[in-house]
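Novice: To start, I am sharing the structure in question, which I have written as structure tokens.
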Amino acid sequence: MAELRDRAAASKAAANGSGAAQPNGADKVKSSSSRDELKLLVAVVGIYGCYMTSAMLQEHIYSYKSPDGGRFSQTQFLLWVQCVVNVIFAGIAMMLAKGSGEAIPHKLFSMAGAGYISAMICSLESLNYINFPTKELGKSCKMIPVMLFGVVFAGKRYSVRDYVGVALITAGIVTFNLAGKHKSGRENSTYGLALLFMSLVLDGVTGSTQDNIKRAHKHTVHEMMFWMNAWALVVLTPMAVLTGQAAGGYAFCQENPAVLRDLFGFALTAALGQNFIYFTISHFSSLVCTTITTTRKFFTILFSVLFFGHPMSPKQWAGVAMVFTALIDNMWSKHQKNQSRKAAEARASTATKTS
């Protein structure tokens, strides 16, 4: 009887260690694909929620009128506070969590940080020389330089389907904006258009540099966030001091505590948003991140139109259709690629175990 019990136990142990009791390749693929889709959903919800909130607070800051009629106009000071809060947020997170142990490529991070902050400065500064619709239309095309610079400088490869999707999203957003009714009281100057173009070029430089960092290293989300913003501060701090915007912004906030509260609220929500941005870049790519951030403004406008019942022209609905068609196809394409990649990994893992 003891021998029979021993044989039964051995048979049970063998069954537990066999493939029958373990998740098969298809189950592993399904589970991994579900995790990727959940991560993407978290990234989208996080970026949309944080940046919609920060945009509302930023609007409060710029629309606030002090008792003497003055308005906040120190954009470099606003960006400086944002970068400082980002560094503090990421630094605390780095102390609490385990680091990657990877060497920090300061040359690449300095390029990415300088490109990121310079693109923001050029974009905001261009508003002094061009009208708001032109600026929004220009930034709607952000996905194109990010993709092109990724191909040229980061060695990325995209399918024809990817190029068509980017073109369709860009065309849809541009169509949606052009078909709307805009009141622009300022003519576009050549200098303003040059600043807008430079902002797009710098967006491309930043995206391709981030892809190079991701390809060569396995930094954590907060390591990327910390060093990007630290190097951005190296560029921004002397600029804000020399232009007088640091002192002017500080003085305005001291005199107007309501602006100071909105400023820190803006910086905190933007820091949370950056956390989701670097999460997206770490798990996906700079193009996926740019797709989310570019379409965020589009959905903000669309939800506002639908919620408040503003009329939309047939051309605007055509733009909506183009964007949604491209996004749905993009998500389905990524789902198929993930399924194929995970299936190949599962087959390779099974072959290794049986060999």
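Novice: Does segment 41-58 include one or more residues that are over 22 Å from Leu233 (Cβ atoms), at pLDDT below 80, assigned to a helix (DSSP H, G or I) and of a type outside the set (A, V, I, L, M, F, W, C)?
Specialist: Within segment 41-58, not a single residue is over 22 Å from Leu233 (Cβ atoms), at pLDDT below 80, assigned to a helix (DSSP H, G or I) and of a type outside the set (A, V, I, L, M, F, W, C).
Novice: Failed condition for Pro238, given (1) modelled with pLDDT of 90 or more; (2) surrounded by fewer than 22 Cβ atoms within 10 Å (Cβ to Cβ); (3) over 14 Å from the mean Cα position of the chain (by Cα); (4) within 26 Å of Met56 (Cα to Cα), with all others met?
Specialist: The single condition Pro238 does not satisfy is (4).
Novice: Anything in segment 39-48 that is touching a residue at least 60 places away in the same chain (Cβ under 8 Å) and not charged (D, E, K, R)? List them, or say none.
Specialist: Matches in segment 39-48: Leu40, Val42, Ala43, Val44, Gly46, Ile47, Tyr48.
Novice: I've got another one for you. Looking at (1) over 21 Å from the mean Cα position of the chain (by Cα); (2) within 30 Å of Gln254 (Cβ to Cβ); (3) modelled with pLDDT under 80, can you tell me which one Gly70 breaks?
Specialist: Here Gly70 clears every test but (3).
Novice: Here's a follow-up. When you go through Val288, Val241, Val259 one by one, which is the residue that is out of contact with any Lys or Arg (no Cβ under 6 Å at 6 or more places or on another chain), within 27 Å of Thr170 (Cα to Cα) and not in a loop (DSSP other than H, G, I, E, B)?
Specialist: After applying the criteria, what remains is Val288.
Novice: Restricting attention to segment 89-116, and to residues there that are free of Cβ contacts under 8 Å to residues at least 60 places away in the same chain and not charged (D, E, K, R), which single residue is nearest to Lys218 (Cα to Cα)?
Specialist: Gly101
Novice: Could you figure out which of (1) modelled with pLDDT of 90 or more; (2) surrounded by 14 or more Cβ atoms within 10 Å (Cβ to Cβ) isn't true of Gln254?
Specialist: (2)
Novice: Pick out the one residue from Ser100, Ser63, Ser159, Ser73 that is surrounded by fewer than 21 Cβ atoms within 10 Å (Cβ to Cβ), hydroxyl-bearing (Ser, Thr, Tyr) and within 19 Å of Asn275 (Cβ to Cβ).
Specialist: Ser100
Novice: Among the residues of segment 64-82, are any hydroxyl-bearing (Ser, Thr, Tyr) and either touching a Cys at 6+ places or on another chain (Cβ under 8 Å) or assigned to a helix (DSSP H, G or I) (or both)? Give the derivation first.
Specialist: Start the filter on segment 64-82 by keeping residues that are hydroxyl-bearing (Ser, Thr, Tyr), which leaves 64, 66, 73, 75.
Pick out the ones that are also either touching a Cys at 6+ places or on another chain (Cβ under 8 Å) or assigned to a helix (DSSP H, G or I) (or both) and you get 75.
The answer is yes; a qualifying residue exists.
Novice: Go through segment 262-277 and report how many residues are within 25 Å of Asp211 (Cα to Cα) and either of a type outside the set (S, T, N, Q) or not in a helix (DSSP H, G or I) (or both).
Specialist: Residues flagged as within 25 Å of Asp211 (Cα to Cα) and either of a type outside the set (S, T, N, Q) or not in a helix (DSSP H, G or I) (or both) within segment 262-277 amount to 6.
Novice: Pairs under 7 Å by beta carbon, first residue under 12 Å from Thr175 (Cα atoms) and of a type outside the set (D, E, K, R) in segment 303-324, partner at pLDDT below 75 and not in a helix (DSSP H, G or I), six or more apart or different chains?
Specialist: Gln316/Gly180
Novice: With respect to the numbered conditions (1) at pLDDT 80 or above; (2) surrounded by fewer than 16 Cβ atoms within 10 Å (Cβ to Cβ), which one is the sole condition not fulfilled by Leu200?
Specialist: (2)
Novice: What is the residue count in segment 115-142 for residues that are surrounded by fewer than 22 Cβ atoms within 10 Å (Cβ to Cβ), at pLDDT 75 or above and among the aromatic types (Phe, Trp, Tyr)?
Specialist: Final tally of qualifying residues: 1.
Novice: Between a first residue in segment 143-160 that is farther than 18 Å from Met111 by Cα and a second residue that is of a type in the set (D, E, K, R) and at pLDDT 80 or above, which pairs have beta carbons less than 7 Å apart while being 6 or more apart in sequence or on different chains?
Specialist: Lys156/Asp211
The values are calculated or read from the model by the stated rules, or taken from the named source; none is laboratory data. Quick caveat, the model's predicted, so the values are computed rather than measured. Here the Cβ is made from the backbone with ideal geometry for all residues, glycine too, and neighbour counts use every protein chain on show.
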